[in-house]
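J.: Got a structure here, written out as structure tokens. Questions coming.
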Amino acid sequence: MAANNMATQVADMYDTVLILDFGSQYSHLITRRIREAGVYCELLPCTQKIAELKFSPKGVILSGSPFSITDEGAPHVDPEVFNLGVPILGICYGLQEIARNLGGETSLAVKREYGHAELQLQPCPLFQDVPSPTSVWMSHGDHLERPPQNFTVVGSTATSEYAAVAHNSLPIYGIQFHPEVTHSVDGALVLRNFVIDICKCEANWTMSSFIDKELERIRTLVGPHGSVIGAVSGGVDSTVAAVLMKRAIGDRFHAVLVDNGVMRLNECETVKQTLADNLGINLTVADASELFLGRLKGVTDPEKKRKIIGNTFIEVFEAEAHKIDEISRQNGLGPIDWLLQGTLYPDVIESISFKGPSATIKSHHNVGGLLEDMRLKLIEPLRELFKDEVRALGSLLEIPDDLVWRHPFPGPGIAIRVLGEVSPAQVQIARLADHIYIDEIKKAGLYRQISQAYAALLPVRSVGVMGDQRTYEQVIALRAVETKDFMTADWFPMPVEVLKRISNRIINEVQGVNRVLYDVSSKPPSTIEFE
């Protein structure tokens with residue numbers, strides 16, 4: 001499948017700050033904080049060759065790293081970054097990398113610094129309007145032993161003499177602390193000072209400015225006659241992407257909803273009404289529920305479930321794509337050229353990180369697995385956006401709030417929320433329990449406080465008493481988490497009265513269930529989904 005080759009990159013449309021990632025767990029937070037300041041930025045691995053950079057940054061930030069600067073094989077920046085002639089900010093390891101390149105000295109600290117520290121400041125543009133002292137977050141074992149020539153100390157702590165340094169004449173700064181984490185009280189202001197006051201970036205990165213530019217970018221890319229096909233699921237990402245395509249090229253965008261038999265209650269009807277009837281999107285619904293459920297029969301291993309559903313989805317989607325392509329040709333509209341995919345920026349960050357893609361915990365269900373022989377070019381209009389930006393974009397596109405704020409739903413659907421063998425009867429139990437659960441947390445006004453919630457059907461039975469009779473029936477587990485990035489998550493403290501109502505309704509309304517449990521596990525060590 002051909003790669004996305006956008007005629008105009010987003011970085012060409014906005015003042016852009018380049019973040020070079022040395023593998024820090026906080027690198028994505030730097031990106032978030034700068035976006036929150038209204039400035040567009042992109043994160044690339046620290047191994048990026050400056051000569052091959054596809055845009056001209058207004059400034060560069062060097063991230064932290066889990067490495068020691070003295071480690072054999074420690075990552076290092078292309079020295080050409082210092083010849084760009086733009087402001088540079090080094091954070092933690094990035095400070096040490098500046099010292100390494102410009103003639104300073106680093107060493108292992110006698111006393112490591114982890115946690116809060118009081119930073120005493122000297123006047124400096126980077127710390128404009130930041131009170132002194134200010135509380136910052138440290139996480140380092142190395143430290144700056146001697147700053148490079150022409151650098152002045154502008155910040156220190158009790159154990160770090162050179163906690164912040166600045167070049168005497170060039171806009172190059174290094175700080176030992178992490179301004180991107182919320183524990184650094186004035187960290188957001190420090191980053192804002194750098195990107196707006198020092199780099200002179202215009203703070204115009206908003207979704208309202210993005211819409212028109214993105215629509216024009218899509219039209220330029222697809223051309224006046226090109227057609228696009230894409231899978232939709234009813235989730236916010238695919239819905240926002242579909243509405244953007246509809247706005248950009250009208251009925252030359254073809255949406256396909258594959259009914260895999262393991263979707264939420266009345267999902268297909270709801271999606272059809274919303275996308276086709278209300279939003280006017282050219283939608284085809286492919287009912288392949290019997291095919292999916294037939295192939296899942298007897299399968300209990302969660303990874304096998306995911307692969308069966310993923311491979312079957314590809315098969316069904318390709319068949320529908322060929323049908324639509326043939327009809328398009330017959331009607332003189334030309335062939336389908338492009339495949340829409342709802343990739344978000346966290347996916348991009350994961351794939352380009354200096355550390356490389358994470359180990360596979362679970363296979364991910366994505367249309368990116370479509371077979372090479374489709375010969376479609378990839379178009380990813382949300383590729384540069386975080387989830388909160390996608391939601392903001394959805395609201396501006398006048399997509400109903402229920403869709404914009406909908407909780408994530410896994411590609412394999414209820415199949416991985418029915419632990420054990422998947423059958424139509426088991427799916428229906430989980431589906432009804434989940435519907436009641438979501439209905440009650442919405443009534444309680446909790447839905448938007450929760451990042452993701454669902455009901456799972458456990459592969460166990462328990463003894464109960466209903467109507468003076470002994471029962472031996474199934475168990476539902478309720479899961480609700482709160483998270484900002486879905487990389488880590490805490491279980492949601494559900495009010496007891498709400499749990500009582502949910503449990504009572506499920507046991508009374510869902511035949512075959514006599515016990516309801518609430519999951520109080522965080523991620524890690526648990527994952528958000530059971531399978």
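J.: State the answer as a single residue: which of 506, 195, 166 lies farthest towards the positive end of the charge dipole of the chain, with beta carbon charges of +1 for Lys and Arg and -1 for Asp and Glu, about the Cα centre.
T.: It is 506.
J.: Can you tell me the orientation of helix 236-249 relative to the chain, as the angle in degrees between its alpha-carbon axis and the longest Cα principal axis, to the nearest 10?
T.: With rounding to tens, the tilt is 90 degrees.
J.: Going highest first, how would you order 270-278, 169-177, 376-384 by mean Cβ packing within 10 Å?
T.: In descending order of packing, they fall as 169-177, 376-384, 270-278.
J.: So what's region 50-131 giving for Cα Rg divided by 2.2 N^0.38 Å, two decimals?
T.: This ratio for region 50-131 stands at 1.26.
J.: Taking Cα atoms of region 228-304, Rg/Rh with Kirkwood Rh, to two decimals?
T.: Taking Rg over the Kirkwood Rh, I get 1.05.
J.: Kindly give the semi-axes, whole Å and largest first, of the ellipsoid equivalent to region 41-182, taking each as the square root of 5 times a Cα gyration tensor eigenvalue.
T.: Semi-axes from the Cα gyration tensor: 23, 18, 14 Å.
J.: Please report the antiparallel percentage of DSSP beta bridges with both residues in region 412-524, rounded to the nearest 5.
T.: Looking only at bridges with both residues in region 412-524, the antiparallel portion is about 70 percent.
J.: With a point put 7 Å past each Cα toward its Cβ, work out how far residue 466 is from residue 315 in nm, to one decimal.
T.: About 3.6 nm, to one decimal.
J.: Let me ask another. Summing +1 for each Lys or Arg and -1 for each Asp or Glu, what net charge is found among the other residues whose Cβ lies under 13 Å from the Cβ of residue 515?
T.: Result for the local shell: 0.
J.: I need the calculated FRET efficiency for the pair residue 168 and residue 442, taking r as the beta carbon distance and R₀ as 60 Å, to the nearest 0.05.
T.: Calculated value: 0.55.
J.: Now, a different point. Grab the Cα-Cα distance for residue 107 and residue 304, subtract it from 0.36 nm times how many residues apart they are, and report the gain in nm with one decimal.
T.: 66.0 nm
J.: Continuing with the same structure: If Rh is defined by the Kirkwood formula over all Cα pairs and Rg also comes from Cα, what ratio Rg/Rh do you get for region 178-320?
T.: Rounded to two decimals, Rg over Rh is 1.15.
J.: Moving on. Taking 0.36 nm per residue of separation and subtracting the Cα-Cα distance, what length does fully extending residue 150 through residue 488 add?
T.: Full extension from residue 150 to residue 488 adds 117.5 nm.
J.: Still on this model: Tilt of helix 387-396 relative to the longest C-alpha principal axis of the chain, in degrees (0 to 90, nearest 10)?
T.: Roughly 70 degrees, rounded to the nearest 10.
J.: Note down the Stokes-Einstein diffusion coefficient of region 176-232 in µm²/s, whole number, using a Kirkwood radius over alpha carbon pairs, 4 °C, and 1.567 mPa s.
T.: Approximately 87 µm²/s, per Stokes-Einstein.
J.: Let me ask you something else. Over the residues of region 130-226, compute the C-alpha Rg and express it relative to 2.2 N^0.38 Å.
T.: Against the empirical 2.2 N^0.38 Å value, I get 1.59 for region 130-226.
J.: With labels modelled as points extended 7 Å from the Cα through the Cβ direction, what inter-label distance (nm, one decimal) is found for residue 423 paired with residue 51?
T.: 6.6 nm
J.: Between helix 93-102 and the chain, what is the angle of the helix's C-alpha long axis to the longest principal axis, kept within 0 to 90° and rounded to the nearest 10?
T.: Value to nearest ten degrees: 40.
J.: Give, in whole angstrom and from largest to smallest, the semi-axes √(5λ) of the equivalent ellipsoid of region 399-531, with λ running over the eigenvalues of the Cα gyration tensor.
T.: Equivalent ellipsoid of region 399-531: 24, 17, 15 Å, largest first.
J.: Reported to two decimal places, what Rg/Rh ratio describes region 138-183 when computed on Cα atoms with Rh from the Kirkwood expression?
T.: So for region 138-183, dividing Rg by the Kirkwood Rh gives 0.97.
J.: In nm, give the distance between the simple-model label positions of residue 269 and residue 333, each being 7 Å from the Cα along the Cα-to-Cβ direction.
T.: 2.8 nm
J.: Given the DSSP H assignment, sum -39500 (n - 2.57) over each helix run of at least 4 residues in the chain and divide by its residue total; what's the result at 222 nm in deg cm²/dmol, nearest 500?
T.: Computed ellipticity for the chain at 222 nm equals -9000 deg cm²/dmol.
J.: Work out the FRET efficiency for residue 402 and residue 206 from their Cβ-Cβ distance, taking R0 = 25 Å, and round it to the nearest 0.05.
T.: It comes to 0.55.
J.: Considering only DSSP beta bridges with both partners in the chain, what is the antiparallel share in %, to the nearest 5?
T.: 45 percent
J.: A further question follows. List every residue whose amide H lies under 5 Å from the amide H of residue 513, counting only residues 5 or more places away in sequence or on a different chain, with H placed 1.01 Å from N in the peptide plane.
T.: For residue 513, the qualifying residues are 474.
J.: Using packing as a proxy for protection, rank 237-248, 156-167 so that the peptide with the highest average count of other Cβ atoms within 10 Å comes first.
T.: The peptides rank, most packed first, as 237-248, 156-167.
Each reported figure results from applying straightforward, stated rules to the coordinates on display, with no laboratory input. Computed from a predicted structure; not experimentally measured. For neighbour counting, all protein chains shown are included, and Cβ atoms are generated from backbone atoms with ideal geometry for every residue, glycine included.
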